[in-house]
Amino acid sequence: MQFGMGLATDPVSPQQRSEAVNTDHTQSPAAGCAVRFAGISKRYGESTVLHELNLDVRRGEFLTLLGPQRFRQSTILNIVAGAIQPTTGRVYLDGVDVTEVPARERGLGMVFQNMR
């Protein structure tokens, strides 16, 4: 059984997209980067469920997280929404580090879809 989730950002022009490329995740996000996961890990006790995720999602991109159940798509979306805190790493929204910002102050929402 496959399980998928999507993340959509505001539209961006091709020129803005080329200007937004930044693969150095130790630096602050590139202009045009809507969401950045920088070294995100999540552990529950001794169990590591997410290991050092580095990912940029630029404005206008549509990203689908697709994989088998227990592949941690929900963990990733819960971290960006602020529902759970990462064990390590930083989360940026529009260039602002929101890792410590409460979920209610992020202006995001999630909708889960049952694909049965």
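Each reported figure results from applying straightforward, stated rules to the coordinates on display, with no laboratory input. None of these values were measured; they are calculated from a predicted model. Here Cβ is always computed from backbone atoms with ideal geometry, including for glycine, and neighbour counts include all displayed protein chains.
The table below lists the values:
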quantity: Contacts under 6 angstrom Cβ, first residue in the range 76-92 being in contact (Cβ under 8 Å) with a residue 40 or more places away in the chain and within 23 Å of LEU66 (Cβ to Cβ), partner of a type outside the set (A, V, I, L, M) and assigned to a loop (DSSP other than H, G, I, E, B), 6 or more apart; calculated: ILE79/PRO86; VAL91/THR99
quantity: Single residue of the range 83-112 satisfying the filter (under 24 Å from GLY32 (Cα atoms), among the small types (Gly, Ala, Ser) and out of contact with any Pro (no Cβ under 6 Å at 6 or more places or on another chain)) that is surrounded by the fewest Cβ atoms within 10 Å (Cβ to Cβ); calculated: GLY109
quantity: Filter result (assigned to a strand (DSSP E or B) and surrounded by 13 or more Cβ atoms within 10 Å (Cβ to Cβ)) within the range 52-66; calculated: GLU52, LEU53, ASN54, LEU55, ASP56, VAL57, ARG58, LEU63, LEU65
quantity: Close pairs from the range 42-66: first within 15 Å of GLY89 (Cβ to Cβ), partner among the polar types (S, T, N, Q) and part of a strand (DSSP E or B), Cβ under 7 Å, at least 6 apart; calculated: THR48/SER41; LEU50/SER41; HIS51/SER41; GLU52/SER41
